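These notes concern the structure reproduced below.
The values are calculated or read from the model by the stated rules, or taken from the named source; none is laboratory data. Remember, predicted model here, so these are calculated numbers, not experimental data. Cβ placement follows ideal geometry from the backbone for every residue including glycine, while neighbour counts extend to all protein chains displayed.
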Amino acid sequence: MIGLASKQSKTKQPKERIGASNYCCPACSCDDVYIDHTRGEVTCSNCGVVLSDRSIDQGPEWRAFTADEQNARQRVGGPTDWSKFDQGLTTIIGRQNVDASGRKLTSTRRAQIHRLRKWQIRTKVHSSDKRNLAVAMTELHRISSQLSIPYSIRETSAVIYRKALRKRLTRGRTILGMIAASLYLACRVHQVPRPLEEVCDQIHITRKELSLCVRLIIRYLNLKIPFSSPIDFIHRFGTELDLPGEAKKKAIDILTLAKEQRLTIGKDPKGMAAAAIYVASILTGARRTQLEIARTARVTEVTVRNRYKEMVEKLGISTT
């Protein structure tokens with residue numbers, strides 16, 4: 001028993017230090033106390049007097065030992081989702097004409113519930129802005145699925161579109177164009193840029209319309225959108241071209257050196273990334289043709305060839 005007691009005494013108990021609390025020690029008049037949630041005790045930090053042994057545990061009454069158990073036993077709703085037009089905070093009146101106990105409703109009660117359900121559906125999108133937002137968020141989910149956009153970028157895109165809608169920037173513009181522009185800017189914010197041509201191909205709008213919407217949002221929302229870096233395109237283009245990791249690493253090193261030499265200023269990031277991949281593929285023996293790289297990067301072969309010549313000449317790289 002003594003060994004067990006000594007072993008238990010060495011176990012660290014979770015404590016919480018509370019300063020300037022509602023407790024006041026009658027022995028030393030100190031208000032700095034420790035709350036031991038495991039033992040339920042409130043102890044004075046100055047003299048050690050136990051002020052209370054019946055503290056209330058504000059946590060849940062259940063225990064969970066894994067993340068799945070914790071998620072299954074939680075009794076709260078999901079987090080706020082900006083990519084839903086009602087942010088996920090909606091009220092749904094079911095169509096089952098039974099009460100909580102499973103008993104059927106009377107005819108009078110059924111008529112009342114039917115009327116409530118009808119007005120609840122009407123008031124969800126009663127204004128033009130709500131209808132616009134409902135259509136836009138549906139299109140956002142569709143485009144995100146086609147482009148394989150992660151959840152975090154989709155949330156940022158939804159926030160940008162809501163700001164544009166609040167500023168009345170959507171008037172005179174198509175919902176599809178503004179959603180595509182918001183998604184394109186969100187990708188740049190998260191440093192996962194997507195080419196304008198790729199976005200246009202997926203949603204079937206012209207590059208001119210998308211560019212106008214992008215400039216409109218940047219101008220009137222005063223967003224701090226970082227410029228796309230050629231390095232951000234390396235991993236994606238390299239994966240599509242089935243390049244080994246050595247070639248990708250070499251391309252990143254080449255672009256880093258080119259940035260130090262100020263060769264990337266005023267150049268298209270996709271073209272610089274394509275040229276770096278072409279040079280790296282030659283140096284590592286995993287050669288890809290200029291046509292393959294140009295199609296993957298959505299640039300012309302002339303662009304790849306010109307950027308390639310500049311890199312080889314200015315950086316002193318020998319590809320023979």
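Those residues that are assigned to a loop (DSSP other than H, G, I, E, B) and within 15 Å of Q202 (Cβ to Cβ), I need them from segment 143-173; list them, please.
S148, I149
Out of T303, T256, T319, which single residue is modelled with pLDDT under 90 and of a type in the set (V, I, T)?
T319
One residue is enough: does segment 208-226 have a residue meeting the conditions over 27 Å from the mean Cα position of the chain (by Cα) and not aromatic (F, W, Y)?
yes
Taking the stated definitions as given, is V214 surrounded by 17 or more Cβ atoms within 10 Å (Cβ to Cβ) and closer than 21 Å to R236 by Cα?
no
Just checking, which of S152, S157, S145, S107 is within 22 Å of I218 (Cα to Cα), out of contact with any helix residue (DSSP H, G or I) (no Cβ under 8 Å at 6 or more places or on another chain) and modelled with pLDDT of 85 or more?
Every option except S152 fails the conditions.
Looking only at segment 115-127, decide whether some residue is of a type in the set (G, A, S), assigned by TED's automatic domain parsing to the domain that holds L185, in contact (Cβ under 8 Å) with a residue 12 or more places away in the chain and not in a helix (DSSP H, G or I).
Scanning segment 115-127 turns up no residue that is of a type in the set (G, A, S), assigned by TED's automatic domain parsing to the domain that holds L185, in contact (Cβ under 8 Å) with a residue 12 or more places away in the chain and not in a helix (DSSP H, G or I).
Under the condition of being among the small types (G, A, S) and touching a helix residue (DSSP H, G or I) at 6+ places or on another chain (Cβ under 9 Å), which residue from segment 217-270 is surrounded by the most Cβ atoms within 10 Å (Cβ to Cβ)?
Applying the filter and picking the extreme gives A251.
Of all residues in segment 30-49, count the ones that are in a strand (DSSP E or B) and either of a type in the set (G, A, S) or surrounded by fewer than 14 Cβ atoms within 10 Å (Cβ to Cβ) (or both).
Total satisfying the criteria: 0.
Would you mind finding the one in R215, R207, R194 that is of a type in the set (D, E, K, R) and modelled with pLDDT of 90 or more?
Answer to the selection: R215.
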